[in-house]
Amino acid sequence: MKTPLYFNHDGGVDDLVSLFLLLQMENVELIGVSVIDADCYVEPAVSASRKIIDRFGAKRSGGRLEVARSNSRGKNPFPKEWRMHAFYVDALPILNESGHVETPLAAFPAHKDLISKVSASDKPVTLLFTGPLTDLARALDEAPELENNIAKLYWMGGTFLPDGNVAEPEHDGTAEWNAFWDPEAAARVWESGIEIEMVALESTNKVPLTLDVRAQWAHKRRFEGIDFVGQCYAMVPPLVHFATNSTYYLWDVLTTVIIGRPGLVRSRSAICAVIPDGPSQGRTVETPDGRPVNVVEDVDAEAFFAYMTDLAAAA
Ligand code: AGV
Ligand code: CA
């Protein structure tokens, strides 16, 4: 039995690799994809998504897949250097060999596409969000009954660690970026009754991009899918001597593959809330006034890298 899944991402290298991997997962039926203008420029990110589906989505069944573009705007913009990555992926020769794009652009903006695809599903839909939660918050505002047809939300975001990954003036550094980009949207989703699987920095900090994993992909580049992953991760800085603000982790890829392999991670329940404004905006905090979420806080890193590399090899 396949799980119907809707994927909203924000066009980073690991968002786009996540799309590629989702298309290889046998227990997933992807029913929709949308892209938000957060950690990317949305035009190349939509284009790269359509090309990835063209090139690597042949195994996917269940009707025609489209890509919707978001018109949502956030509160705290991502650094431009990070947003540029979508242009590089979109330009990769392996995605441009055919010279044309078949996967269509959806008729509606992302939040409306989400409403229409989730409402049309005869089974409750699993949501995967690897960027800010803005489109989901807007969808819930427009169609609160949507909640009844959502099985669960997997979200890359948040942390209870003292150090988040936001290093911006006017912020105290406690937030994770996807929560910080639109803290009010995260708080809105927290108000819903949707079951949340929060893939926090606690676990993603354990899966940095390293020279070792790059070398393993290089060694197996005869597999087209692994070559694609290697090319994508050539665009972003690995962890070498110590972590910096730009060090890359496999944040979204971890969030994606646990849908197929929950045994790779350990999680616990936490009662928590999202701080919507002020110097800690976007911070997730444990408080008795909050609501329960499942926090993914540990991962078998070696098994994770082996599994995602195997998935890529089978493309
Ligand atoms: O906070 C992690 C989220 C993930 O969804 N993104 C990147 C992943 O797609 C924002 C981000 C934090 N640090 C970054 C990020 C960095 N050093 N480079 C690019 N994006
Ligand atoms: Ca992302």
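One residue stands out among those in the stretch 166-191 that are open to solvent by 40 Å² or more (accessible area, probe 1.4 Å) and either at pLDDT below 95 or not in a helix (DSSP H, G or I) (or both): the one that is nearest to ligand 1 (Cβ to nearest atom), which is A167. For the stretch 13-43, a residue qualifies if it is away from ligand 2 (no atom under 14 Å from the Cβ), without any contact (Cβ under 8 Å) to a residue 60 or more places away in the chain and open to solvent by 10 Å² or more (accessible area, probe 1.4 Å), and the qualifying residues are E29, E43.
Identify the residue in the stretch 255-276 that is of a type in the set (V, I, T) and either in contact (Cβ under 8 Å) with a residue 60 or more places away in the chain or within 19 Å of L5 (Cβ to Cβ) (or both) and, among all such residues, is surrounded by the most Cβ atoms within 10 Å (Cβ to Cβ). It would help to see each step written out before you state the result.
Of all residues in the stretch 255-276, those of a type in the set (V, I, T) come to 255-259, 265, 271, 274-275.
From what is left, the residues that are either in contact (Cβ under 8 Å) with a residue 60 or more places away in the chain or within 19 Å of L5 (Cβ to Cβ) (or both) are 255-259, 265, 274-275.
Details: T255: 27, T256: 30, V257: 22, I258: 21, I259: 20, V265: 21, V274: 25, I275: 19.
Residue satisfying both the conditions and the ranking: T256.
Looking only at the stretch 131-165, which residues are in contact with a strand residue (DSSP E or B) (Cβ under 7 Å, 6 or more places away or on another chain), crowded, with 20+ Cβ neighbours inside 10 Å and not hydrophobic (A, V, I, L, M, F, W, C)? Result: G131, D135, Y154, G157, G158, T159.
Kindly indicate whether I94 is open to solvent by less than 40 Å² (accessible area, probe 1.4 Å), assigned to a helix (DSSP H, G or I), among the β-branched types (V, I, T) and within 16 Å of ligand 1 (Cβ to nearest atom). For I94, the condition - open to solvent by less than 40 Å² (accessible area, probe 1.4 Å), assigned to a helix (DSSP H, G or I), among the β-branched types (V, I, T) and within 16 Å of ligand 1 (Cβ to nearest atom) - is not met. Taking the criterion of being more than 9 Å from ligand 2 (Cβ to nearest atom) and either part of a strand (DSSP E or B) or open to solvent by less than 10 Å² (accessible area, probe 1.4 Å) (or both), the residues of the stretch 1-12 that qualify are T3, P4, L5, Y6, F7, N8.
The set of residues in the stretch 227-263 that are near ligand 1 (Cβ under 9 Å from one of its atoms) and hydroxyl-bearing (S, T, Y) comprises T244, S246, T247, Y248, Y249, T255. Within the stretch 102-124, the set of residues being surrounded by fewer than 16 Cβ atoms within 10 Å (Cβ to Cβ) and not in a helix (DSSP H, G or I) comprises E102, P104, L105, A107, D122, K123, P124.
The values are calculated or read from the model by the stated rules, or taken from the named source; none is laboratory data. Values in this document were obtained by computation on a predicted structure and should not be read as measured data. FYI the Cβ positions are ideal-geometry reconstructions off the backbone, even for glycines, and counts take in every protein chain you see. Surface areas here come from the heavy atoms of the whole protein model, side chains and all, with no ligands, DNA or RNA. Shrake-Rupley method; radii C 1.70, N 1.55, O 1.52, S 1.80 Å.
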